[in-house]
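Engineer: Would you mind keeping the following structure in view while I ask a few things?
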Amino acid sequence: MKKLSLSLSVVMWAAALPAQTEAKVDFAKEIRPILEQSCVECHGPKKQKGKLRLDSKEAAFKGGEDGPVLIPGKADKSDLYRRITLSAGSDDVMPNKGDLLTKAQTDLFRDWINQGAVWPEDAVVKAATGSPDPFARLVEIKPSAAEIAALKKLEALGTPINLVAMNMNWRDANLGLHGSNVTDATLILLKDVATLASLNLAGTKITDAGLANLKGLTNLLTLHLENTPVTDAGLAHLKGLINLTYLNLYGTAVGDAGLEHLKGLTNLQSLYLWQSKATAEGATNLQKALPHLLVSRGWEPGPVAKKEEEKKPEEKK
């Protein structure tokens, strides 16, 4: 009897403990960037579709012609959450043009609303000023003497670095065409090419150590590393590539630890992780840090497909 009483006491004590709270969603860091990128073009100072504005706390909580869209503490009752989770093609889906929000982004809104939809009084949402042309972000520079010398050496080796366009100084290096002939020695020459905006190293023999030569190439917009020996350690050298918008890690040994190095790349928009070691959890964590990032991990069989696969009888020998 004493043992039973003790067990019941333990159960009651455990039930009295506060439940583990979910991570608090930061409006300024996680919600505002999504509003700026995907919402205020149609619901801001210049245009108010459905008489709804989402560029200030007062306006957002006031709602539109159909009433309030945010009910603090109740995402399932909030029309804003309902609309951003509708399927493409629905009349009421938000945003109604461009890319839909990712699941990671809609989950952020859900959690934020359920946590009380905390919107600091001084947090104003402004329309995204980023140009669709990524080159517009780059500060025009002229090739240095060291860059010119490096370009001549690369051309002599049969790996010329071409201009993106005749009226621009930015350059494109498609070294994937040279395959295994491209090694870390090639990257040593590339480190002085400050006008390099696009670099394709797919299928080459470059290593983690070689990527250290890319640290200073802050004008890089796209980087292909698919099917290379690159690992988590190599991505540590990419932290300073602040203008990077596209990164391909298909067929590499990069895992979740490597993705941690990418969290500061706020301009990164597309990341390919097919056949890498990165997990769905790792990709989701990265998307929470970079709400506008689209991560592609390739096709993965869902629960039904997996069960059907398990049901298949073994072939008779």
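Nothing in this text is a laboratory measurement; each read-out follows from the coordinates by a stated rule. Bear in mind that the values here come from a model prediction, so they are computed numbers and not experimental data. Heads up, the Cβs are rebuilt from the backbone with ideal geometry, glycines too, and the neighbour counts pull from every protein chain shown.
Engineer: What's the exposure ranking of 230, 295, going from fewest to most Cβ atoms within 10 Å?
Structural biologist: 295, 230
Engineer: Just to check I understand the Karplus step: with θ = phi - 60° and J = 6.51 cos²θ - 1.76 cosθ + 1.60, what whole-Hz values come out for segment 235-245, glycine and proline as x?
Structural biologist: Calculated HN-Hα couplings, in order: 5, 4, 7, 9, 4, x, 7, 5, 9, 4, 10 Hz.
Engineer: Grab the other residues whose beta carbon is less than 10 angstrom from that of residue 256, score K and R as +1, D and E as -1, and report the net. Walk me through the numbers before you get to the answer.
Structural biologist: Values: positive: 277; negative: 232, 260, 281.
Neighbourhood net charge equals -2.
Engineer: Hey, can you rank 219-228, 259-268 by average C-beta count inside 10 Å, highest first?
Structural biologist: 219-228, 259-268
Engineer: Set the Förster distance to 22 Å, then compute FRET efficiency between residue 144 and residue 285 from the Cβ-Cβ distance, nearest 0.05.
Structural biologist: 0.05
Engineer: Below 12 angstrom from the Cβ of residue 33, what's the summed charge of the other residues (Lys, Arg +1; Asp, Glu -1)?
Structural biologist: Residues near residue 33 contribute +1 overall.
Engineer: Give me the one-decimal nm value for the distance between modelled label points at residue 26 and residue 174, 7 Å along each residue's Cα-to-Cβ direction.
Structural biologist: So the two model labels end up 4.1 nm from each other.
Engineer: Multiplying the sequence separation of residue 205 and residue 103 by 0.36 nm and subtracting their Cα-Cα distance, what value in nm do you get? Provide the component values of the computation, followed by the final result.
Structural biologist: On the way: separation 102, 0.36 × 102 = 36.72 nm, distance 3.58 nm.
Once the chain is fully extended between residue 205 and residue 103, it gains 33.1 nm.
Engineer: So between residue 82 and residue 167, what do we pick up on full extension, going 0.36 nm a residue minus the alpha carbon distance?
Structural biologist: Length difference between fully extended and current span is 25.9 nm.
Engineer: What is the sum of charges, Lys and Arg at +1 and Asp and Glu at -1, for the other residues whose Cβ falls under 11 Å from the Cβ of residue 236?
Structural biologist: Once all neighbours under 11 Å are counted, the net charge is -1.
Engineer: Does segment 86-218 come out rounded, prolate or oblate, given a ≥ b ≥ c as the square roots of the eigenvalues of its C-alpha gyration tensor, rounded meaning a/c under 1.5 and, failing that, prolate meaning a/b above b/c?
Structural biologist: prolate
Engineer: For segment 52-61, in order, what is each residue's ³J(HN,Hα) by Karplus, 6.51 cos²θ - 1.76 cosθ + 1.60 with θ = phi - 60°, in whole Hz (x at glycine and Pro)?
Structural biologist: For segment 52-61, the Karplus-derived couplings read 10, 10, 10, 9, 8, 4, 4, 5, 5, 7 Hz, x marking Gly and Pro.
Engineer: Note down the nm distance, to one decimal, between modelled labels 7 Å out along Cα→Cβ at residue 135 and at residue 215.
Structural biologist: With each label point 7 Å from Cα toward Cβ, the separation is 3.0 nm.
Engineer: Additional query: Using alpha-carbon positions, what is the distance between the centroids of segment 61-83 and segment 168-228, in Å?
Structural biologist: 48 Å
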